[in-house]
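Structure, as structure tokens:
Please treat every number below as a calculation from the coordinates, not as lab data. Remember, predicted model here, so these are calculated numbers, not experimental data. Cβ sites come from the backbone with ideal geometry, for glycine too, and all protein chains shown count toward neighbours.
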Amino acid sequence: MNASEIAIQSLFNIGPIGITSTVVTTWAILLGLTLFIGVYTRHLAAAPGKMQTAIEAVVIAMEDAIAAVAPEHAKRLLPFVGSLWIFLVVSNLIGLIPGAHSPTRDFSATAALAALVFLSVHWYGIRISGLKAYLHHYLTPTPFLLPFHLVSEITRTVALAVRLFGNMMSLEMTALLILMVAGFLAPIPILALHIIEALVQAYIFGMLALVYIASGLQTQSAQSLKQSTQSTNPSE
Amino acid sequence: MEFSLSTFVLEVINFLILMWILKRFFYRPVLNALEKRRNAINQTLEDATRKMSEAEALQNRYQQRLQAWDKEKQLLQNNLQEELQTQRGTQLAQLQEELAAEREKSRVNQASELEQTLQHYQSTAHQQGARFAGKLLQSIASPEVEARLLDFLLQQLQQLDEEDLKRLKSACDASSHQLSIVSAYPLSETQRQTLHDKLAGFCIEPVKLKFEEDSELLAGFRIHIGAWSLRLNLHDELTGFAELDNEKASV
């Protein structure tokens with residue numbers, strides 16, 4: 001192992017598109033999850049076995065976590081937020097396999113996920129509340145806050161991408177440095193920290209995405225409630 | 001911190017593909033399975049609730065039936081108690097009647113026994129009295145007493161009514177004028193003549209007197225005129241007294 005392994009390597013090209021190790025790892029994760037799902041969710045029984053119970057527990061836990069933040073939209077948000085959690089957990093932990101690297105140590109990958117979160121906030125906001133009502137929330141409580149809203153949208157997305165990238169890249173770099181300095185088996189404690197950090201960062205990323213989406217939905221809900229109250233009391 | 005646009009785009013596409021796969025083949029079937037199980041559980045709960053309601057209704061019905069049975073049982077017990085009371089009263093009254101009859105019978109028996117005992121004592125007393133009187137009269141018997149009895153006899157004969165006189169005359173005729181006179185002591189000639197004169201007045205033809213003596217008479221006379229017998233002596237009086245007592249006892 002040498003310092004060149006920290007850098008993102010371009011493995012091959014498909015036409016003008018360079019395929020990096022990050023993309024290949026992501027495809028591997030995609031393939032592995034697909035196979036896992038194909039094996040274990042093809043024949044779900046009424047009386048569940050151990051694996052089915054575990055799968056159902058994971059789904060229920062994610063749904064409950066989403067329902068705790070956005071109770072009315074848990075079913076709708078589960079595919080996106082749940083997929084984020086599953087993908088990030090697997091992606092963060094795959095770096096523990098010798099020779100493999102977490103896709104999340106690549107800023108391009110975390111930026112892609114952050115961009116998806118950014119888009120999903122507007123996607124869900126517009127789909128649920130409508131374009132006009134959703135855009136109107138940038139003018140509340142006062143139009144003077146519009147620039148701050150816009151800056152917040154950008155900064156929180158960048159922060160989302162950089163936070164995940166920085167944490168995961170620093171963990172791998174730390175393990176590599178310890179391995180280079182101290183030798184074989186020395187990075188084991190930092191690898192244990194890697195496990196915890198991987199799970200925590202996946203949870204934080206998914207939860208922040210959920211909070212961003214839910215904040216937009218709740219803002220629309222509050223505005224809708226205020227409008228309905230004014231329409232029922234026109235004298236006020 | 002390098003940024004690759006191609007990686008960025010491919011990662012976006014990869015994640016969207018992953019999200020579609022998970023939504024299509026993971027969340028939907030798992031959520032459907034959970035929903036089916038939830039529905040099955042709810043159905044089971046509804047069935048359990050319905051069965052519980054039915055069981056409660058059945059329990060209420062059986063409780064009402066039990067209450068009806070209890071009432072019927074109580075009614076039958078009351079009727080039985082009343083019938084037992086009636087029979088007890090009837091049997092008690094019958095028993096009391098039998099007891100009263102037994103008491104009356106016992107009282108009659110006791111009275112009879114008492115009467116018999118009393119009669120026995122009376123008879124004993126009479127016998128002892130007769131014995132005592134006999135002893136007494138025997139001690140005081142004497143020719144003087146006999147003489148006085150003769151005077152009394154003569155007075156009694158003087159006071160006979162017509163009916164007695166007729167029967168005396170017919171008895172005298174039937175005895176062929178043979179009269180027997182028994183005395184405790186020997187009679188003097190004067191006494192014999194007095195008796196002859198007196199008795200001759202009752203017969204048409206002259207009479208013949210036969211005088212005899214019997215000390216058992218104690219004092220007095222026993223005159224036989226045919227079938228007619230005139231007794232005026234202490235022995236016969238005591239005997240008559242005892243016979244009268246026996247007659248009273250037999251009555």
Work out the charge dipole of the protein assembly as shown with +1 on the Cβ of Lys and Arg and -1 on the Cβ of Asp and Glu about the Cα centre, then indicate which of A:P187, B:A93, A:A109 is farthest towards its positive end.
A:A109
Any idea how far apart B:F241 and B:N78 come out in nm if each label point goes 7 Å out from Cα toward Cβ?
8.1
Distribution of pairwise C-alpha distances over segment B:142-250, 10 Å bins, in %:
14, 44, 33, 8, 1
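Defining a contact as two alpha carbons under 8 Å apart and six or more residues distant in sequence, what relative contact order in percent does chain B show? Walk me through the numbers before you get to the answer.
Numbers: 163 pairs, mean separation 43.5, N = 251.
Relative contact order here is 17 percent.
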Would you mind checking the tilt of helix B:162-174 against the longest principal axis of the Cα atoms of chain B, expressed as 0 to 90 degrees and rounded to 10?
70
Of B:K135/B:K210; A:K75/B:K36; A:K75/A:K132, pairs whose Cα-Cα distance is over 26 Å:
B:K135/B:K210
Give me the dipole magnitude in Debye, nearest 20, for the protein assembly as shown about the Cα centre, with unit charges on the beta carbon: positive for Lys and Arg, negative for Asp and Glu.
4860
Taking the alpha-carbon distance from B:K208 and a cut-off under 26 Å, which lysines remain once sequence neighbours fewer than 8 residues away in the same chain are dropped?
B:K166, B:K169, B:K198
Segment A:130-225: chymotrypsin sites (Phe, Trp or Tyr not before Pro) in DSSP loop, at most 16 other beta carbons within 10 Å
A:F184
Using DSSP, restrict attention to beta bridges with both residues in chain B and report what percent are antiparallel, rounded to the nearest 5.
65
Expressed in whole Å with the largest first, what are the equivalent ellipsoid semi-axes of segment A:84-166 derived from the C-alpha gyration tensor as the square root of 5 times each eigenvalue?
33, 14, 7
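For segment A:1-115, what class follows from the C-alpha gyration tensor (a ≥ b ≥ c being the square roots of its eigenvalues): rounded when a/c is under 1.5, otherwise prolate if a/b is larger than b/c, else oblate?
prolate
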Can you give the % of DSSP beta bridges in segment B:142-250 that are antiparallel, to the nearest 5?
65
Two pseudo-spin positions, 7 Å from Cα along C-beta at B:F152 and at A:A68, lie apart in nanometres by 15.1
Over its Cα atoms, what ratio of radius of gyration to 2.2 N^0.38 Å does segment A:178-218 give?
1.86
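Is there a simple number for the mean count of other chain Cβ atoms within 10 Å of the Cβ of residues in B:37-43, and what is it?
Average per residue, whole number: 1.
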So what's the back-of-envelope 222 nm ellipticity for the protein assembly as shown, counting only DSSP H runs of four-plus at -39500 (n - 2.57) apiece and dividing by all residues, rounded to 500?
-26000 deg cm²/dmol
P(r) tail for chain A, what percent of Cα pairs lie past 31 Å?
37
Ordered by number, the GluC sites (Glu not before Pro) in segment B:1-101 that occupy a DSSP loop and have at most 14 other Cβ atoms within 10 Å are B:E2
Roughly how crowded by other chains is peptide A:80-86, in terms of the mean Cβ count from those chains within 10 Å of each of its Cβ atoms?
4
Hull surface divided by four, with the convex hull built on the Cα atoms of the protein assembly as shown: how many nm²?
72.2
Taking segment B:142-250 and dividing mean pair separation by its residue count, relative contact order in percent (alpha carbons under 8 Å, at least six apart)
32
For segment B:1-32 and segment B:64-131, compute the distance between their C-alpha centroids and round to whole Å.
113
